[in-house]
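Working notes, structure below.
The values are calculated or read from the model by the stated rules, or taken from the named source; none is laboratory data. Model, not experiment: these values are computed from the prediction. A quick note on method: Cβ atoms are made from the backbone with ideal geometry, for glycine too, and the neighbour counts reach across all protein chains shown.
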Amino acid sequence: LRWLWSDKLRQAQNRSILPVQTDPSMKAFFNASFIYEVGNGTSTLFWTDPWLNGRSLMAALRELVEVVPGRRRNIRTVASALQDHDRIVWKWCPSGQYSCSSAYQALFLGQSALLGAKELWKVKAPNEFRFFFWLAIQDRC
């Protein structure tokens, strides 16, 4: 997620970089974790960023998108009269700023803690044994 965040910041600063390759589920989580507040449109991708009620225009108008060529435009191309800068707000932190710890907590939101896992790592035993029993607790061996 950190790479996606850095990539988004570079796009906002209009610096050309290679696109970040990432797992589709992480990309979906990343897009679902931000609120895009469109200002002048310089850093919001018109077709692919979820700026339209949490959805991308591509997702909302899939049939239309397939007909339109050259889909890498930003909102500034469409509406250049706006003056405010775009903002990307991280939903999982009160400040709206991305942090790795809040991303980690959001990824595991709603999952139950593994019974006995915390205590297992405090046992005085070689790491190999602790790791084996940790796998056994999770039914992975």
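The table below gives the values:
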item	result
Scan of the range 31-60 for residues that are of a type in the set (A, V, I, L, M, F, W, C) and part of a loop (DSSP other than H, G, I, E, B), ordered by number	VAL38, PHE46, TRP47, TRP51
Meets criteria (within 30 Å of GLN138 (Cα to Cα), outside the structural domain of TRP134 (by TED's automatic domain parsing) and modelled with pLDDT of 65 or more) for ASP7	no
Contacts under 8 angstrom Cβ, first residue in the range 41-66 being surrounded by 19 or more Cβ atoms within 10 Å (Cβ to Cβ) and of a type outside the set (Lys, Arg), partner part of a strand (DSSP E or B) and modelled with pLDDT of 75 or more, 6 or more apart	SER43/ILE88; THR44/TYR36; ASP49/TYR36; PRO50/PHE34; PRO50/TYR36; TRP51/TYR36
Residues that are touching a residue at least 40 places away in the same chain (Cβ under 8 Å) and either in a loop (DSSP other than H, G, I, E, B) or among the aromatic types (Phe, Trp, Tyr) (or both), drawn from the range 97-108	TYR98
Residue count, the range 109-141 (criterion: part of a helix (DSSP H, G or I) and more than 30 Å from CYS93 (Cα to Cα))	12
